[in-house]
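Below is one structure, written out as structure tokens; the observations come after it.
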Amino acid sequence: MKNKMQDTAPPRRRFLKQTLSLIPLAAAGSALNVLPARAEPPSGGSGVSKDYVPTFFNQEEWRFVLAAADRLIPEDDNGPGAVSEGVPVFIDKQMELPYGYGHLWYMQAPFASAEPELGYQSSLVPRETWRRGINAVNAHCRQQFQKPFADLTAAEQDEILHQLDDGRLTFSNVDGKLFFTQMLENAKEGYFADPLHGGNQTLASWKLIGFPGARADYQQVMDNPGKPYPLGPVSISGKRSV
């Protein structure tokens, strides 16, 4: 079987557009694409203030979230990446909302493996998946590399993410593929969400796909399909992008 690390990656623009149809958590499949590598793990990025204090993640977990988000959606010629757009902040905030506690869907037994179309099946709520997954991956990295995930090279981090995505790396207290799916979906959600929720701080993803946001004055554009929207997107909060 061909190693996915050897595959030629599609353009980042195509990758991000395709993810719009994959936002529901249970619907994600094997979706990691190899994107341009960064030589060193991120130190925080312009979208995550060094003064930001996570409300859910502890400091070691926070370093993991920054590093993983940077590899899942890195900065490239098409625009900023997840870290510079504040996606880790979005994820941290979501863990303390009803979503993080699993209050948005049915969470009673029995729990069984099923097709994604049948909905979320895990007994773990998102915050538990994140916490168990981070601790398990860091323990694995310390055993294999003598350092946590955040201190690995970009290539080593990519390989760990591929192993989780492929199901080659899993753990007794959390399924590796489930954890990868959780990370990827939350990263995409934060990257495409309204900036009001913490991510997409410069509206870069909306500009990338031509989404006008909360504008109410594009009826004339809808009457001319196939033509790009000429104005920058607007957040619910009123933040605008040219």
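The values are calculated or read from the model by the stated rules, or taken from the named source; none is laboratory data. Every value quoted in this text rests on a predicted model; they were computed, and no experiment measured them. Ideal geometry is used to build each Cβ from the backbone, glycine not excepted, and the neighbour counts take in all protein chains shown.
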For region 143-164, pairs from a residue that is free of Cβ contacts under 8 Å to residues at least 60 places away in the same chain and assigned to a helix (DSSP H, G or I) to a residue that is aliphatic (A, V, I, L, M) and surrounded by fewer than 14 Cβ atoms within 10 Å (Cβ to Cβ), with Cβ under 6 Å and 6 or more apart or across chains, are none
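Filter region 133-153 down to the residues that are under 21 Å from the mean Cα position of the chain (by Cα) and more than 13 Å from GLU60 (Cα to Cα) and list them by number.
Initially, region 133-153 is screened for residues under 21 Å from the mean Cα position of the chain (by Cα), giving 133-138, 141, 148-153.
Selection gives CYS141, LEU152, THR153.
Being at pLDDT 80 or above and buried (at least 18 other Cβ atoms within 10 Å of the Cβ) is the requirement here; does GLU60 meet it?
Working: at pLDDT 80 or above: yes; buried (at least 18 other Cβ atoms within 10 Å of the Cβ): no.
Here the answer is no, as GLU60 does not meet what is asked.
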How do the pairs read when you match residues in region 63-91 that are assigned to a helix (DSSP H, G or I) with residues anywhere that are of a type in the set (S, T, N, Q) and modelled with pLDDT of 95 or more, using Cβ under 7 Å and keeping only pairs 6 or more apart or on different chains?
PHE64/ASN138; ALA67/GLN157; ARG71/GLN157; ILE91/ASN186
Being under 16 Å from the mean Cα position of the chain (by Cα) and either at pLDDT 95 or above or among the polar types (S, T, N, Q) (or both) is the requirement here; does ASP158 meet it?
yes
Looking for something over 25 Å from PRO98 (Cα atoms) and among the charged types (D, E, K, R) - is there at least one such residue anywhere in region 195-207?
yes
Write out, first by first residue and then by second, each pair whose Cβ atoms fall under 7 Å of each other, whose residues are 6+ apart or on separate chains, and whose first residue, in region 214-242, is farther than 25 Å from GLY190 by Cα while the second is modelled with pLDDT under 75 and not in a loop (DSSP other than H, G, I, E, B).
LYS227/VAL221
For region 165-180, the count of residues that are in contact (Cβ under 8 Å) with a residue 12 or more places away in the chain and either of a type in the set (A, V, I, L, M) or assigned to a loop (DSSP other than H, G, I, E, B) (or both) equals 6
Every listed condition ((1) in a helix (DSSP H, G or I); (2) touching a residue at least 60 places away in the same chain (Cβ under 8 Å)) holds for THR202 save (1)
Among (1) in the same structural domain as GLY79 (by TED's automatic domain parsing); (2) over 27 Å from ASN58 (Cβ atoms); (3) not in a loop (DSSP other than H, G, I, E, B) - the single one MET183 does not satisfy:
(2)
For the list (1) surrounded by 21 or more Cβ atoms within 10 Å (Cβ to Cβ); (2) closer than 29 Å to ASP165 by Cβ; (3) at pLDDT below 90, I need the number of the one condition that PHE211 fails.
(1)
